[in-house]
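Just below is one structure, and these are the notes that go with it.
The values are calculated or read from the model by the stated rules, or taken from the named source; none is laboratory data. Keep in mind that this is a model prediction, so the values were computed, not measured. Because the Cβ atoms are built from the backbone with ideal geometry, glycine has one as well, and the counts that use them run over all protein chains shown. Just the protein is used for accessible areas: all its heavy atoms, side chains included, with ligands, DNA and RNA removed. Shrake-Rupley method; radii C 1.70, N 1.55, O 1.52, S 1.80 Å.
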Amino acid sequence: MQQLGIGIAFTGSGSCTPSFSLSNQMLSQVVETSDEWISSRTGIRERRLADADTSLCAIATEASKQAIAMAQIAPTDIDLIILATSSADDLFGTASQIQTQLGATKAVAFDLTAACSGFVFGLVTAAQFIRTGVYQNVLLIGADILSRWVNWSDRGTCVLFGDGAGAVIMQANPCDRFLGFEIRSDGTQNACLNLAYRPQPKELITGVTISQGAYQTITMNGQEVYRFAVKKVPEVIEKALYRSNMTPAEIDWLLLHQANQRILNAVAQRLNIPDEKVISNLANYGNTSAASIPLALDEAVRQNQIKIGDKIAVAGFGAGLTWGAAIFQWGR
Ligand code: UT7
């Protein structure tokens, strides 16, 4: 699906997680749960949590520096920075703070919010700018600190999430490595997973009422989201594969949003993809939302599991509801 003769390459990755790790055992001091329940229902064993002094900007910047170094470019070469996040330090956007930290003086920077699908939506957004010849070097970051927004007395959600950041560099390239994608939304199921604003009416002057509320904590209907993911994710991967002129058997790696090992297994099974091609690191990090795909990607690249030319199917899914898949080859 190459257009205008401009291909896209994936030339660098990086990641950063806070150092503190909260085990399932430790979580049982917070809510009534057990290591047995969490590991058997989700596959998660521990998750990293940011302390009060750790900003989203800091972990996203560190992940970005690693990606920039691997791509062997300078921060000043970057044309565009996209930060996929739902937990920005600043509701007005955090991407430009990262731009400043990196010294990426030429880049335009903005946030993109699509919850756990954010990284895949970001890949597709970045690809449009490169394909059309507008930008050559893009830094795409997926980062979230959902521990800020979790209800720590709701055992159905607080055991799932962790904090982290991952980044990739995408560059204009003679050879096209971005093979196909499909992204979707369904607002009718929005209530399944929310981090909503709770309005609090305030009378500004007589007869004029505005709202000065605050954000609530994450609410989720786990079973609905589970059913949605297992049904919709294989469909969207098949669509992206079709657009890439590929079959599931041609994929080297299946890299799904790291929400639940049972979801990973069910999707792989439906696509007939063997376990050894499924990348999973959720045991160590839990669900890190927009960060989960680039975090697992970076680990697999640095462990020499993913090699130059490997074909990777990534898929994200989550709040919105949103979901999407992209197929690409690692490297230039
Ligand atoms: O990024 C996308 C975000 N979300 C997801 O991907 C979530 C998708 N959903 C899931 O992963 C699963 O639905 C969960 C892991 C959230 C829950 O697993 P489940 O097998 O659907 O469990 P359930 O909600 O049906 O709960 C089963 C039981 C309930 O007890 P009763 O009513 O059967 O007595 C829950 O109260 O497990 C109980 N339970 C827990 N017990 C111990 C729920 N959470 C916990 C817990 N520890 N942490």
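Considering only Leu254, Leu83, Asn272, and ranking their Cα positions along the charge dipole of the chain that arises from unit charges at the beta-carbon of Lys, Arg, Asp and Glu, the one farthest toward the positive end is Asn272. The residues of region 275-328 expose, per residue, 28 Å² of accessible area to a 1.4 Å probe. By a 1.4 Å probe calculation restricted to protein chains, Phe121 has an accessible surface near 30 Å², given to the nearest 10. Computed per residue of the chain from DSSP H runs no shorter than four, each worth -39500 (n - 2.57), the mean residue ellipticity at 222 nm is -9000 deg cm²/dmol.
I'd like the antiparallel share, as a percent to the nearest 5, of DSSP beta bridges with both residues in the chain.
Antiparallel bridges: around 75 percent, rounded to the nearest 5.
Computed over the chain, the P(r) tail beyond 32 angstrom holds 26 percent of alpha carbon pairs. Solvent-accessible surface (1.4 Å probe) assigned to Lys231 amounts to roughly 100 Å². Cα centroids of region 256-332 and region 197-242: 23 Å apart. Positive contributions from Lys and Arg (+1) and negative ones from Asp and Glu (-1), summed over other residues with Cβ under 12 Å from the Cβ of Gln216, come out at 0. Among the protein heavy atoms of region 1-72, carbon and sulfur supply 46% of the accessible surface, probe 1.4 Å, non-protein parts ignored. In whole percent, and with a 1.4 Å probe on the protein chains, what portion of the accessible area of region 95-140 is carbon and sulfur? C and S fraction of accessible area: 53 percent. From most to least packed by mean Cβ count within 10 Å, the peptides 196-206, 94-104, 286-296, 77-87 give 286-296, 77-87, 94-104, 196-206.
Need one word for region 63-114: rounded, prolate or oblate. Basis is the Cα gyration tensor (sqrt eigenvalues a ≥ b ≥ c); a/c below 1.5 gives rounded, then a/b vs b/c decides. Could you put the intermediate results ahead of the total?
Numbers: a/c = 2.23, a/b = 1.76, b/c = 1.27.
Prolate.
Shape class for region 51-146: oblate, because the ratio a/c of the largest to smallest gyration tensor axis (alpha-carbon atoms, square roots of eigenvalues) is 1.5 or more and b/c is at least a/b. Shape call for region 284-332 from the C-alpha gyration tensor, a ≥ b ≥ c root eigenvalues: rounded (a/c under 1.5), prolate (a/b greater than b/c) or oblate? The shape class here is oblate.
Which percent of the accessible area of region 193-332 is formed by carbon and sulfur heavy atoms (probe 1.4 angstrom)? All intermediate terms of the calculation are to be shown ahead of the outcome.
On the way: 3010 of 6370 Å².
Taking all protein chains in place, region 193-332 shows 47 percent carbon and sulfur surface.
With protein chains left intact and a 1.4 Å probe, residues in region 199-246 average 66 Å² of accessible area per residue. Per residue, region 1-92 exposes an accessible area of 47 Å² to a 1.4 Å probe, with every protein chain left in place.
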